[in-house]
Amino acid sequence: MQTKVSCTLNGEDVSADVDSRTLLVDMIREQLSLTGTHVGCDTSQCGACVVHVNGRSVKSCSMLALQAEGAEIITIEGVDSNGDLHPMQAAFREHHGLQCGFCTPGMIMSALDLVQQNPDPDDKEIREWLEGNLCRCTGYQNIVQAVKAGAKSMRAGGKEAE
Amino acid sequence: MTKNGMGASVRRKEDYRFITGSGQYTDDINRPNQVYAYIVRSPVAHAHIRDLDISAAVATPGVVAVLTGADMAADEVGSLPCGWGINNKDGSPMFEPGHPPLAADTVHHVGDQIAVVIATSRAIAKDAAELVEVDYDELPVVAGLEAASADGAALVWPDAPGNVCFDWEIGDKAATDAAFEQATRVASIDVVNNRLIANAMEPRSAIGEYDSGKDEYTLYTTSQNPHVIRLLMGAFVLGIPEHKLRVIAPDVGGGFGSKIFHYAEEAIMTWASRKLKRPVKWTAERSESFISDAHGRDHISHAELAMDDDGMFLGLRVSTRANLGAYLSTFGPSVPTYLHATLLAGTYKTPAIYAEVKGMFTNTVPVDAYRGAGRPEASYLLERLVDRAAKVAGLDPIEIRRRNFIKPEDFPYQTPVALEYDTGDYEAAVEKALELSDYDNFESRKNASAERGKLRGIGISTYIEACGIAPSNVAGALGARAGLYEAGTVRVNPTGSVTVLTGSHSHGQGHETTFAQLVTEALGVDFDAVEIVHGDTGKVPFGMGTYGSRSAAVGGVALVNALEKIRTKAKKIAAHLLEASADDVEFKDGQLTVVGTDRSVGFGDVAMSAYVPHNYPLDELEPGLEETAFYDPKNFTFPAGCHICEVEIDPDTGVVQVVRFTAADDFGRVINPMIVEGQVHGGLTQGIGQALYENCVYDESGQLLSGSLMDYCLPKADNVPDFAVTTNVTPCTHNVLGVKGCGEAGAIGAPPAVINAVVNALAEFGIDDMPIPATPERVWQAIQAAK
Ligand code: FES
Ligand code: FES
């Protein structure tokens, strides 16, 4: 049996008919056709699927689509402003915080939540926060640099690209 | 140096799409009228299929088809081929079992494919797969090397006695035995190289699509080498000629070797798409990846090193058993042989070496190349053994290495195990690493750790590896069933922008950037006016793909050779336009100038006149400006380096933390230092993963105990330190770029450095061995046993 879910996705009102077991990530990818949010595992370990639900980072593979009724959802596609990269996105590019790019949307969404809660995180805080985001390519060092730089840039109101 | 040219840390072209979520990975692609496949896999490790009942699944609403091995046999679908044959000591060929994409009547490992359920949604396909009833007659299982080699062991293949696929050797046995007779000191070691799973973050995926109007197939797949898949699947499995089969590997989320091979699912989706006349899509769930992606490593070795009184190496004897899994994966047999035993000379001038390798079948997932592929196994064994040898000889681990290094004046150096190293300076890398790691002050850091109740240890490795496997004729003589060249096409468009079609494939390496740098360097065109196309057999003329750190050393050189052809033709065109001789035309920074004059024409104008040949030497030159080069290297390249690791161990918990890690690597010339450093970081992290965290474990019945990311521990952000990375450049002598390759070095050099550091930290307990991975439990147990 299908149920209709209505929510906002990157600021737009959307709705989809989903099964009671449909995961939020599947609704986003399959029904709402935004494929920037990725699926890297089936045990909630990898964090490739992180989106923001009502302002907080959530692994969208570990939440049912039905639970998103009325929620505000932001995905990687909703982070930039009118085509201008968000400072955190720019920092990932500037600091080579990505290689294959598969983990990147989840990393960025997770990092944004960290900075929201801790505007000036140090290396250790960043590494601990990113425990739930696996990257197999970068060895994390450049991701940590990117998050630090992105946070700095955000503190400066997005004026510094690095 | 051209801005954005060779040697510049240019920011990556490809990043924009990835940071904005607009990358196109295979699972992001949906085709009109697409249906979804779910694969029924064996839950047991070895069994005859007595009965297979698909009726309930077929009857499920939404199910479009359920296909089995019998359907494949009826369509005469072939066996998944092995791309490298190994000969036994007596010259006879290895045993090659068949590998049907869907099992015919017997399953040989947990995860073996039995049937495919295809439905209008993923969920329906998965539900219906539960309804497929399989009746198994279970057979005895051998789930690991020890079980497979035991007396009277059950057989994975009745025609492979002793579960031996091949029994192979390399080197001079008599000379090595003689070296041991002369020796006054001998060091020996037994090592297990732990089985690993690549776990690229993007799970494998495939979409088969059939166009009945044109009788053409398209396969979208997570591959590192789409042309190789087209050849293997088209020619050997499905009987589709190249011109009717297009293979597209779009954005691919990491590979590390695991996406080189031709997998059953690619053939199943392509075949099914024709039967159903609908696109068929399959994407692995992560736990499915664990039981269907090829695994890596899994060796058991015994090695002995003969020395004289001064600790000079006289001879090395190695005996290895390598687990190949139940079937031969595409390049499985080459990994423990030509990619492992040929590297056993390491960076040392050991005059006599003999190695024998038994490739063995077990009821486990096939084993094949994983980042480093054979070379990590060789360097782990050798660098652990050399540390042992230092103890036996009473020498410092660095001193014994120095004494035995191949010296700069020895190059080219012919090893006793087939390879000829072209160049290197191992001592210089050690010097750089010692300085960067602040080696001299280790004792004070150790004391500081001790004050905090921690044990600190330091370890070194001076590894070597071989990249860009070549030349094709030599590889062919050694059993390769493919060529090992690369192709590149440079298409200069009429307005002077450049499209490059490369057979290399990027799944994170950043070719769209580095290859564009090579174009900018050669033609002086703007970096943004260059587009690199890869991963599509419908666009790229030919290619062998990316593995074995070959992209720059083989694909990059092919590109540079094609660029040189463009330069030559451009000069001729310019000579005509400038009414001069081509010999007098200089091509620099995008301008073609008659030497010693101010007569000059821009490259863009040359391009335009090639396509609008009104004022053009049509008698001598064809119009157009497009060139292709195939490049078959003369030799491997030999990156090498020195890695120094420092660990801190908590004696109460056994937890090992890597606190400092220094790498001084020789990759030859570097195109983009930022990207090279990134590759090193990633490789080191996988190497630390192997040393401390990752372990693929089967139980006796062949069940995979480490079958999910909950049980198989990938390194996380707080498991690794900031790395101190530098390079020590000796340019490769046999390619025009002077490049060697950097993708695998970290995974090759790090594991022995980490374990040597762990053993060093535990020396005070008299511990001189530590199985890999050095998990907290193992370390804690070792400390308790020693107390
Ligand atoms: S997909 Fe891996 S945590 Fe969500
Ligand atoms: S960039 Fe490939 S997984 Fe992180």
Counting all Cα-Cα pairs in region B:368-410, those more than 15 Å apart amount in percent to 53
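Determine, from the Cβ-Cβ distance of B:His243 and B:Asn33 and an R0 of 35 Å, the FRET efficiency 1/(1 + (r/R0)^6), rounded to the nearest 0.05. Before the final figure, lay out each step's value.
On the way: r = 24 Å, r/R0 = 0.70.
E between B:His243 and B:Asn33, to the nearest 0.05, is 0.90.
Under the definition of partner shielding as Cβ atoms of other protein chains within 10 Å of a residue Cβ, what is the mean value for peptide B:671-679?
Working: counts 0, 1, 0, 4, 2, 0, 4, 10, 4.
Mean partner-chain Cβ count within 10 Å for B:671-679: 3.
What's the FRET efficiency of A:Met1 with B:Gln657 using the Cβ-Cβ distance as r and R₀ = 45 Å, to the nearest 0.05? List each step's numbers first, then the result.
Working: r = 51 Å, r/R0 = 1.13.
So the FRET efficiency works out to roughly 0.30.
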With label points set 7 Å from each Cα along the Cα-to-Cβ direction at A:Glu69 and B:Asp410, the distance between them in nm comes to 7.4
For the pair A:Ser81 and B:Arg403, the simple spin-label estimate (label points 7 Å beyond Cα toward Cβ) gives in nm 6.7
When the charge dipole of chain B is computed with +1 on Lys and Arg Cβ and -1 on Asp and Glu Cβ about the Cα centre, the Cα farthest towards its positive end, among B:Pro241, B:Val500, B:Ile86, belongs to B:Val500
Here the percent of antiparallel bridges among DSSP beta bridges lying wholly in chain B, to the nearest 5, is 80
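What is chain B's relative contact order, in percent, from Cα pairs under 8 angstrom and six or more apart in sequence?
Details: 2034 pairs, mean separation 121.1, N = 787.
Rounded, it is 15 percent for chain B.
Give the average, rounded to an integer, of partner chain Cβ atoms located within 10 angstrom of each Cβ in B:505-512.
Working: counts 0, 2, 5, 8, 3, 4, 0, 0.
Averaged over the peptide's residues, the number is 3.
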One point scatterer per Cα, no solvent, Debye formula: log10 I(q)/I(0) for region B:320-387 at q = 0.12, 0.19, 0.28, 0.29 Å⁻¹ comes out as -0.32, -0.72, -1.25, -1.31
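For region B:292-356, state which chymotrypsin sites (Phe, Trp or Tyr not before Pro) are in a DSSP loop and have at most 15 other beta carbons lying within 10 Å of their beta carbon. Could you put the intermediate results ahead of the total?
Numbers: sites: B:Phe313, B:Tyr327, B:Phe331, B:Tyr338, B:Tyr348, B:Tyr354; in loops: B:Tyr327, B:Phe331, B:Tyr338.
Taking region B:292-356 and a limit of 15 other Cβ atoms within 10 Å, no loop chymotrypsin sites (Phe, Trp or Tyr not before Pro) are found.
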In order over region B:485-495: 3J(HN,Hα) from phi, Karplus 6.51/-1.76/1.60, θ = phi - 60°, whole Hz, x for each Gly or Pro, gives 8, 9, 10, x, 10, 10, 10, 8, 7, x, 8
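Test of understanding: express the Cα radius of gyration of region B:56-140 as a ratio to 2.2 N^0.38 Å, with N the residue count.
1.42
Placing +1 at every Lys and Arg Cβ and -1 at every Asp and Glu Cβ, with all other atoms neutral, what dipole size does the protein assembly as shown have around its Cα centre, in debye to the nearest 20? Intermediate results must be reported in sequence, preceding the final value.
Working: 77 positive and 126 negative charges, 150 e Å.
I would put it at about 720 debye.
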Of the DSSP H helices in chain B, the ones reaching 20 Å or more along their long axis in Cα terms and averaging at least -1.0 in Kyte-Doolittle hydropathy are B:375-393, B:557-578, B:673-688, B:745-761
Given unit charges at Cβ for Lys, Arg (+) and Asp, Glu (-), the dipole magnitude of region A:2-78 about its Cα centre in debye, nearest 20, is 240
Taking the square root of 5λ for each eigenvalue of the C-alpha gyration tensor of chain A, the equivalent ellipsoid has semi-axes, largest first and in whole angstrom, of 28, 17, 13
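To two decimal places, what compactness ratio does region B:620-695 give when its Cα radius of gyration is scaled by 2.2 N^0.38 Å?
On the way: Rg = 21.0 Å, N = 76, 2.2 N^0.38 = 11.4 Å.
Cα Rg divided by the expected 2.2 N^0.38 Å: 1.84.
Could you please tell me the mean projected area of the C-alpha convex hull for region A:2-78, averaged over all directions and given in square nanometres to one decimal? Before the final figure, lay out each step's value.
Values: hull surface 17.1 nm².
Here the figure is 4.3 nm², rounded to one decimal.
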Farthest towards the positive end of the dipole of chain B, among B:Ala143, B:Ala782, B:Gly23 and with Cβ unit charges of +1 on Lys and Arg and -1 on Asp and Glu, lies the Cα of B:Gly23
Within the protein assembly as shown, the percent of DSSP beta bridges that are antiparallel, given to the nearest 5, stands at 80
Taking alpha-carbon centroids only, region B:257-304 lies from region B:391-408 a number of Å equal to 43
Averaged over the residues of B:406-416, the number of partner chain Cβ atoms within 10 Å of each residue's own Cβ comes to 0
By the C-alpha gyration tensor axes a ≥ b ≥ c (rounded if a/c is under 1.5, else prolate when a/b exceeds b/c, else oblate), the shape of the protein assembly as shown is rounded
In nm, the gap between the two label points placed 7 Å beyond Cα toward Cβ at B:Thr568 and B:Glu138 is 6.7
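On full extension of the chain, what length is gained from B:Asp711 through B:Tyr611, given 0.36 nm per residue of separation minus the C-alpha to C-alpha distance? Numbers along the way, then the final one.
On the way: separation 100, 0.36 × 100 = 36.00 nm, distance 5.98 nm.
Full-extension gain reported as 30.0 nm.
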For B:Ala123, placing the label point 7 angstrom along Cα-to-beta-carbon and taking region A:13-40, residues whose amide nitrogen sits under 14 Å are A:16-32
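How many percent of DSSP beta bridges within region B:485-631 run antiparallel, rounded to 5?
On the way: 18 of 22 bridges.
So the antiparallel bridges amount to about 80 percent of the total.
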Quick shape check on chain B: root eigenvalues a ≥ b ≥ c of the Cα gyration tensor, a/c under 1.5 is rounded, otherwise prolate if a/b tops b/c, else oblate, and it reads oblate
Taking every alpha carbon pair in region B:485-631 and sorting the distances into 10 angstrom bins from 0 up to the bin holding the longest one, the percent per bin comes out as 13, 42, 30, 13, 2
Exposed-loop cut sites defined as GluC sites (Glu not before Pro) in DSSP loop states with at most 15 other Cβ within 10 angstrom; longest site-free run of chain B spans B:131-578
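Rounded to the nearest 0.05, what FRET efficiency is calculated for B:Val736 and B:Asp528 with R0 set to 25 Å and r the Cβ-Cβ distance? Working shown, then result.
Numbers: r = 25 Å, r/R0 = 1.02.
My answer for the efficiency is 0.50.
Just so you know, all these numbers are worked out from the coordinates, no wet-lab data involved. Since the structure is predicted, the reported quantities are computational estimates derived from the model, not experimental observations. Note that each Cβ is placed from the backbone with ideal geometry, even for glycine, and that neighbours are counted across all protein chains shown.
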